[in-house]
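For reference, the structure discussed in these notes is given below.
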């Protein structure tokens, strides 16, 4: 009886396996590289940079509440939406891999488009909006150009990784880079000419005050302003503390 029951259970279990729908992997962080290829492994990690960028955006929005950062994030999400539409309009397949049959379209590359959007927008932001309080500061140009070059190098590395790891063709990553850069130019212009003049009115809304949204447009260098503000406040409180103890 026990043996018969076990056999029936095994038979039913086999039927369930045969009838079960196929499983699909969540390709959010699923990146493959050739086994033993250290360079491919490095590029696999680099190709995850868009996820790091999005997480960084979320963190900045939550902790800084700055309208420029929020607008930057909205532009990035808009770029991703444009990429999604273009992929389903063009419907160009990804490169064929013997071990894997892609079900998602590849033209244009979303990784390439996102990274080049971010790099181009940051280049405009740093060059046009970000200034040190002291214009004679000798390191200003050096660190600006260093950050801009680093952003574009990272964008290029991510684009190259998608071709090296056989997730995209050269034309797909090139089109992604071109579209991302063009959208960044348009979005930065729209932010500077259309949205930025509206920021003072937006931060005065009750909902903005509740969410503690900030407009730092008139502050030349936010980092320097925050540093000096924190330092001044800290020294003021320290003097008050010493005064209270001496009484």
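Brief remarks follow.
- Ranked by the mean number of other Cβ atoms within 10 Å per residue, highest first, peptides 231-238, 43-50 order as 43-50, 231-238.
- Taking 0.36 nm per residue of separation and subtracting the Cα-Cα distance, full extension of the segment from residue 81 to residue 243 would add 52.5 nm.
- Among 161, 208, the order by Cβ neighbours within 10 angstrom, fewest to most, reads 208, 161.
- Alpha carbon centroid spacing (whole Å) that separates the stretch 199-247 from the stretch 31-103: 35 Å
- Length added when fully stretched, residue 128-residue 231, from 0.36 nm per residue minus Cα-Cα: 34.4 nm
- In plain terms, if you count all Cα to Cα distances in the stretch 36-216 and split them into 5 Å steps from zero, the share in each step is 1, 8, 14, 17, 18, 15, 11, 8, 5, 3, 1, 0 percent.
- Spin-label pair residue 89/residue 45, simplified geometry with 7 Å Cα→Cβ offset, distance in nm: 3.8 nm
Where a number appears in this text, it was derived from the coordinates with a stated rule and is not lab data. Just so it is clear, the structure is predicted and the values come from calculations on it, not from any experiment. With ideal geometry, Cβ positions are generated from the backbone for all residues, glycine too; neighbour counts draw on all protein chains shown.
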